[in-house]
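The values are calculated or read from the model by the stated rules, or taken from the named source; none is laboratory data. What you see is a predicted model; the values in this text were computed from it and never measured. Because the Cβ atoms are built from the backbone with ideal geometry, glycine has one as well, and the counts that use them run over all protein chains shown.
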Amino acid sequence: MKYYDLFVDTDGESHWRDVAVTLTEQSFAPPAQDILISAPQAANGFVFLRLRSGWDEPIHPTPRAQTLICVAGAVDVTASDGETRKIAVGDIWRMADTWGKGHHTRVTSDGDFESVIIQHD
């Protein structure tokens with residue numbers, strides 16, 4: 001399991017990296033069998049997001065640290081360094097570029113892009 005991490009360096013440039021999620025076998029919901037699960041991560045809330053087909057935004061930083069899980073459609077997200085990632089159904093995108101040059105997002109699917117965003121701060 002992995003997620004795409006969009007982070008910002010000390011010069012304000014945003015970059016992509018893939019992060020592997022560490023899973024360990026443990027009891028999560030006794031008396032069910034042990035399962036592979038990650039360590040918990042703090043969250044303050046979540047929102048549902050829909051971007052209409054054809055939506056194309058100006059470059060901006062994320063308003064807060066958050067993690068997006070795509071449930072429908074697809075977007076191309078370009079870091080300020082020029083690298084683009086396609087975020088599609090099942091992909092997980094961690095947004096940590098809360099300052100600096102930010103990123104550009106464009107809906108590339110014929111249908112709307114839909115997601116759940118977990119907010120971290």
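Per-residue answers, yes or no, for (1) in a loop (DSSP other than H, G, I, E, B); (2) farther than 16 Å from GLU57 by Cβ:
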| residue | (1), (2) |
| --- | --- |
| ASP76 | no, no |
| ASP81 | yes, yes |
| ARG85 | no, no |
| SER115 | no, no |
| ILE118 | no, yes |
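Consider the range 15-68. How many of its residues are in a loop (DSSP other than H, G, I, E, B), of a type in the set (A, V, I, L, M) and either over 24 Å from HIS104 (Cα atoms) or without any contact (Cβ under 8 Å) to a residue 40 or more places away in the chain (or both)?
The total comes to 7.
Among the residues in the range 21-41, are any under 23 Å from GLN119 (Cβ atoms), modelled with pLDDT of 95 or more and surrounded by 17 or more Cβ atoms within 10 Å (Cβ to Cβ)? The answer is no; no qualifying residue exists.
Restricting attention to the range 104-117, the residues being surrounded by 20 or more Cβ atoms within 10 Å (Cβ to Cβ) and under 11 Å from the mean Cα position of the chain (by Cα) number 1. Of all residues in the range 87-103, those being part of a strand (DSSP E or B) and surrounded by fewer than 18 Cβ atoms within 10 Å (Cβ to Cβ) number 1.
Would it be correct to say that ASP11 is surrounded by 12 or more Cβ atoms within 10 Å (Cβ to Cβ), out of contact with any His (no Cβ under 8 Å at 6 or more places or on another chain), under 26 Å from PRO63 (Cβ atoms) and among the charged types (D, E, K, R)? No. Hey, does the range 62-77 have a residue that's on the phi > 0 side of the Ramachandran plot and surrounded by 11 or more Cβ atoms within 10 Å (Cβ to Cβ)? So far as the range 62-77 goes, yes, one or more of its residues are on the phi > 0 side of the Ramachandran plot and surrounded by 11 or more Cβ atoms within 10 Å (Cβ to Cβ). Filtered by the rule that a residue be of a type outside the set (D, E, K, R) and exposed (fewer than 12 other Cβ atoms within 10 Å of the Cβ), the range 47-61 gives VAL47, PHE48, GLY54, PRO58.
How about the range 1-51: which of its residues are within 19 Å of ASP76 (Cα to Cα) and either touching a helix residue (DSSP H, G or I) at 6+ places or on another chain (Cβ under 8 Å) or of a type in the set (S, T, N, Q) (or both)? Let's see the steps before the verdict.
Taking the range 1-51 as the starting set, the residues that turn out to be within 19 Å of ASP76 (Cα to Cα) are 2-8, 13-19, 48-51.
Matches in the range 1-51: SER14 only.
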